[in-house]
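Notes follow the structure.
All of the numbers you see were taken from the coordinates with simple rules; none came from a lab. Because the structure is predicted, anything quoted here is derived from the model rather than measured. With ideal geometry, Cβ positions are generated from the backbone for all residues, glycine too; neighbour counts draw on all protein chains shown.
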């Protein structure tokens, strides 16, 4: 896909996502150097973004829509656009407004399919049982779909930790 300037659109969408992430990271107290490292950008670009220069506002509008997609689509589209798992994780963790609580039932057989499919690296195996760090979980439910024993449950929670639905 090419825009009217002859540039590939995915590049502009990634710039929009990185802009939103940079603004959010700034609000969280990160320095421009830390933001540049986290998003694999040079510090000059970060400075331009944070000062509102060299931006495609239309790309930012589309990026905002992407951040509001269901967690699975937000994760997969961002990963497809960035082609970089670490940057994807940073953008998802920084821009996602929802929080999730993950639990593993005793029926887990420790097969590791969930570990292999989790782009957020929120799942580890210990003592032949999966463990999910809820703070890292983006709620995409890919692990739930892959689990052969239906042992994974993920629920959206309010920011204070209370269940949002059920």
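Specify the residue with the greatest mean-square fluctuation among 27, 129, 97, computed from a Gaussian network of the chain linking alpha-carbon atoms under 10 Å apart.
With Cα springs under 10 Å in the chain, the top fluctuation among 27, 129, 97 is at 27.
Using the alpha-carbon atoms, what tilt in degrees (0 to 90, nearest 10) does helix 9-27 show relative to the longest principal axis of the chain?
On a 0 to 90 degree scale, this one is about 80.
Tell me the label-point distance for the pair residue 64, residue 83, using the 7 Å Cα-to-Cβ offset, in nm and rounded to one decimal.
With each label placed 7 Å out from Cα toward Cβ, I get 2.9 nm.
Just 92, 152, 65 to compare: in a GNM of the chain, with alpha carbon springs under 10 Å, which one fluctuates most?
Top of the fluctuation ranking is 65.
Helix 57-67 versus the longest principal axis of the chain: what angle, 0 to 90°, nearest 10, using Cα atoms?
Helix 57-67 sits roughly 0 degrees off the main axis of the chain.
Express the relative contact order of the stretch 9-95 as a whole percentage, based on alpha carbon pairs under 8 Å and six or more residues apart in sequence.
Values: 86 pairs, mean separation 36.4, N = 87.
Once normalised by length, the contact order is 42 percent.
Run the simple label-point estimate for residue 131 and residue 37 please: 7 Å along Cα→C-beta, distance reported in nm.
2.7 nm
Say each of residue 150 and residue 23 gets a label point 7 Å from the Cα, pointing the same way as Cα to Cβ; how far apart are those two points in nm?
If labels sit at residue 150 and residue 23, their model points lie 4.3 nm apart.
When only Cα pairs under 8 Å and 6 or more residues apart are kept, what is the percent relative contact order across the chain?
Over the chain, the number comes to 20 percent.
With only alpha-carbon atoms counted, please give the Rg and Dmax of the chain, in Å.
When restricted to the Cα atoms of the chain, Rg and Dmax are 17.5, 55 Å.
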